[in-house]
Amino acid sequence: MQDWSKDYMFGYQFLNGCNPVMIRKCEDLPENFPVTDEMVEGSLKRDVTLQQELEAGNIFIADYKILDEVPTSSPRLYLAAPICLLYKNRLDQIVPIAIQLSQNPGEKSPIFLPSDKDYDWMLAKMWVKSADFIVHQLVTHLLKTHLISEVFEMAMYRQLSAVHPVYKLLKPHVRFTIAINAAARGKLVNEGGVFNKISSIDVTGMNKVMQSAMETLTYESLCFPEAIRARGMEDVPMYYYRDDGMKIWKTIHCFVTDVVEIYYDNDETVQKDEEIQAFVKDISFGMNNSDICEFPESLKTREELEEYLTAVIFTSSAQHAAVNFGQFDWYGWIPNSPSTMRKPPPKHKGEVDMKYIMESLPDRGCSSEVLGTVWALSRFQKNELFLGMYPDMLFTEQPVKEAIKTFLKKLDEVTNIIKSRNEGLTMEYCYLSPDKIPNSVAI
């Protein structure tokens, strides 16, 4: 609450907040975002041009084009599709340097800058965070963890027998997922549901956003190392989501590799496993609604199977934890991430005062609904099972039991590394600490 309006805190949340997957390295400015050297010269290092900083890899972007032309649920509520340019400064902080609140530049869509009047700049950042709230909830959280995990679960039950080793491996990671998704459809994302009440869009808008997201969803984007590389975020400092996520991905991959190599002697045994091939094809059928998606329809090698199962487990456990359990931390202070806006985006600079901002923010009733919702979504269950906890012990073979012990040991090591790192931070990052990662999407 003390630092929420500062530029460094705004930028920090793109790395380690609820939605750490929107930011990407910017190599070329979009044609519809005409930022000039004169606009940002006060934000850059002295005597360095914007083009030079782009070439040096110090410029980043968050583009909410997915919200463009999405209909609002009420003429009294507003939605924007902003573009935000960010910069890695001398302190290695990621800070905003330019914000356009629409996809259409022009006189009525000015580019807001840190040098503008305080209230202009504050409201511009609020609009970005309001857009981020909606994309986070519908795409990063609901679609890319909850709903995708349900596809995995349905295919598992349909295609794998209960004695199949991959069934035993995955079953703990689909625990309660269908149940929580059924509850979400009935209470959160239905017509008149919670999301309809707290945001600017109804079911029609929600479906439009998620359908647009599905058109660019790829199998590779579920593979954590590839997802980081695709956004050019390998070397950004203080990106704890990336650092901890890589540790978790490698640890899960090692465990999956140990299990796969117990049951599959070579690549041919993978190819001849009719249940595995049917499982993968069923997921492909559920996911391939566009030419871009291209989820694999078969697996030919042990390495492919190992990566595939790692992606399934990581998505259902670590990725969900990273984008879910920080919601009360970041959304509990409403001005930091308004769930909706009650006034349209300003079309000119110099018109915003505190009264305008207060009239733009959600009202008391909406804010109360947001607080209750994000508080509930950020709670662990009383009987929570965290990553590596397999009390049912479906495996009876001793080599697998040993692999699970090794997995738990490595997870403990990662937990200790993260705890040690956090002791030196002003604000700890613990959403991807293994002792805080539930096995499955269950809330």
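In sequence order, the range 166-171 has phi-based couplings of 6, 4, 4, 5, 8, 3 Hz under the Karplus curve 6.51 cos²θ - 1.76 cosθ + 1.60, θ = phi - 60°, and Gly or Pro positions carry x. Name the residue from P345, W333, A81 whose Cα lies farthest towards the positive end of the charge dipole of the chain, charges +1 on Cβ of Lys and Arg and -1 on Cβ of Asp and Glu. Of the listed residues, the answer is W333.
Measuring spread by the Cα atoms of the range 266-334 yields a radius of gyration and Dmax of 16.6, 55 Å. Surface composition of the chain: carbon and sulfur make up 51 percent of the accessible area, probe 1.4 Å.
Heavy-atom accessible area, probed at 1.4 angstrom with all protein chains present, ranks D282, D392, D353 as D392, D353, D282, highest first.
Within the range 38-113, the GluC sites (Glu not before Pro) that combine a DSSP coil assignment with at most 13 other C-beta atoms in a 10 angstrom radius are E69, E107.
Take the convex hull of the alpha carbons in the range 370-428; its mean projected area over all directions comes to 6.2 nm². Sparsely packed loop sites in the range 364-443 (the chymotrypsin sites (Phe, Trp or Tyr not before Pro) outside DSSP H, G, I, E and B with at most 14 other Cβ atoms within 10 Å) comprise F380. With the convex hull drawn around the C-alpha atoms of the range 212-280, the volume per residue stands at 122 Å³. Can you give the log10 of the normalised intensity I(q)/I(0) at q = 0.11, 0.19 Å⁻¹, computed with Debye over equal Cα scatterers of the range 157-292? Here the Debye-derived log intensity ratios amount to -0.64, -1.34. Accessible area per residue for the chain, computed on protein heavy atoms with a 1.4 Å probe, is 44 Å². Picking from V95, V151, V256, which is most flexible by a Gaussian network model of the chain using Cα springs under 10 Å? Maximum fluctuation in the GNM of the chain, among the listed residues, is at V151. Here the extension length gained between A183 and Q211 equals 8.0 nm, from 0.36 nm per residue of separation less the Cα-Cα distance. Counting only alpha carbon atoms, the long axis of helix 364-377 and the longest principal axis of the chain meet at about 20°.
To test your reading of the geometry: what angle, between 0 and 90 degrees and rounded to tens, separates the Cα axis of helix 398-422 from the longest principal axis of the chain? Here the helix axis deviates by roughly 20 degrees. What the Cα convex hull of the range 46-161 gives, in volume per residue, is 179 Å³. Dividing the summed -39500 (n - 2.57) terms of all DSSP H runs of n ≥ 4 by the residue count of the chain sets its mean residue ellipticity at 222 nm at -14000 deg cm²/dmol.
Put simply, the Cα atoms of the range 102-226 extend 65, 37, 23 Å along their principal axes, the longest span coming first.
As an equivalent ellipsoid, the range 161-230 spans semi-axes of 29, 21, 9 angstrom, where each value is the square root of five times an eigenvalue of the C-alpha gyration tensor, largest first. Orientation-averaged projection of the range 322-443 equals 11.3 nm² [convex hull of Cα atoms, one quarter of hull surface area]. Using heavy atoms of the protein chains and a probe of 1.4 Å, the accessible area assigned to K281 is about 130 Å². Between the helical axis of 203-214 and the longest alpha-carbon principal axis of the chain there is an angle of about 70 degrees. Rg and Dmax over the alpha-carbon atoms of the range 219-362 stand at 21.8, 70 Å.
The values are calculated or read from the model by the stated rules, or taken from the named source; none is laboratory data. Not measured: the values here are computed from a predicted model. FYI the Cβ positions are ideal-geometry reconstructions off the backbone, even for glycines, and counts take in every protein chain you see. For accessibility, only protein heavy atoms count, side chains too; no ligands or nucleic acids. Shrake-Rupley method; radii C 1.70, N 1.55, O 1.52, S 1.80 Å.
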